[in-house]
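Peer 1: Let me give you the structure first, and then I'll get to my questions.
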Amino acid sequence: MAKRSNGPGERISEAEHAVMEVLWDRSPISAAEVCEAICADRDWSIPTVKTLLSRLVQKEAVGTEPQGRKFLYRPLIARSEYVGVESRRLVNRLFGGRAAPLFAQLAESEALTDEDLTEIEALLREMRK
């Protein structure tokens, strides 16, 4: 299946995101293999995983390919693309589309470590070149 180029049309829930993380790490895989990776930690069953996979297929975030009597699933969006879209949504929703207030909030709540600040400073220097 072809990869999407503009991210999922609908938001991905936290549970769906957990399934996507498995698919980004190893795919194509079956619903049973997804369940092996996350069901025990989340107290889920195979029907729960199949429901989440079905929702992700409907949202065009995941594609399927038949293999015998089962389907294999693979992400149609890259993890980096998803992170970019969700980051932009967060900044737009909470900070009026501006990143500076986000950094200010993180700094005020002491959520930024010295290592984080060093990385941010390096990124800013690189962007200004």
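Every number here is computed from the coordinates shown, using simple stated rules; none is lab data. What you see is a predicted model, and the numbers here were worked out from it, not measured in a lab. No Cβ is skipped: glycine too gets one built from the backbone with ideal geometry, and neighbour counts run over all protein chains shown.
Peer 1: Which Cα, out of Pro47, Gln58, Gly84, lies furthest along the positive dipole direction of the chain (beta carbon charges, K/R +1, D/E -1)?
Peer 2: Towards the positive end, the residue furthest out is Gln58.
Peer 1: Return P(r) of the range 80-128 (all Cα-Cα pairs; 10 Å bins starting at 0; whole %; ordered from short to long distances).
Peer 2: Per 10 Å bin, starting at zero, the Cα-Cα P(r) for the range 80-128 comes out as 24, 46, 30 percent.
Peer 1: Counting other beta carbons within 10 Å of each Cβ, put Leu72, Leu124 in order, fewest first.
Peer 2: Leu124, Leu72
Peer 1: Would you give the gap between the C-alpha center of the range 54-72 and the C-alpha center of the range 78-129, rounded to a whole Å?
Peer 2: 33 Å
Peer 1: Which three lengths, in whole Å and largest first, does the range 1-108 cover when its Cα atoms are put on their principal axes?
Peer 2: 52, 32, 19
Peer 1: Which peptide among 95-105, 27-37, 113-123 comes first, and what is the full order, when sorted by highest mean count of other Cβ atoms within 10 Å? Write out the running numbers ahead of the final one.
Peer 2: Values: 95-105: 12.2, 27-37: 17.7, 113-123: 10.5.
So the peptides 95-105, 27-37, 113-123, ranked by packing, come out 27-37, 95-105, 113-123.
Peer 1: Let me ask another. By how many degrees, 0 to 90 and rounded to 10, does the Cα axis of helix 114-128 deviate from the longest principal axis of the chain?
Peer 2: 80 degrees
Peer 1: With each pseudo-label sitting 7 Å past Cα toward Cβ, what's the Ala32-Ala15 distance in nm, one decimal?
Peer 2: 2.3 nm
Peer 1: Taking Cα atoms, how many degrees apart are the long axis of helix 99-108 and the longest axis of the chain, rounded to 10 and kept between 0 and 90?
Peer 2: 80 degrees
Peer 1: If you don't mind, another one. Express the relative contact order of the range 14-77 as a whole percentage, based on alpha carbon pairs under 8 Å and six or more residues apart in sequence.
Peer 2: Once normalised by length, the contact order is 37 percent.
Peer 1: What is the total of Lys pairs in the chain with C-alpha atoms under 28 Å apart, excluding same-chain pairs fewer than 8 positions apart?
Peer 2: Taking the Cα cut-off of 28 Å, the pair count is 6.
Peer 1: On a 0 to 90 degree scale, rounded to 10, what angle separates helix 79-95 from the longest Cα axis of the chain?
Peer 2: 50 degrees
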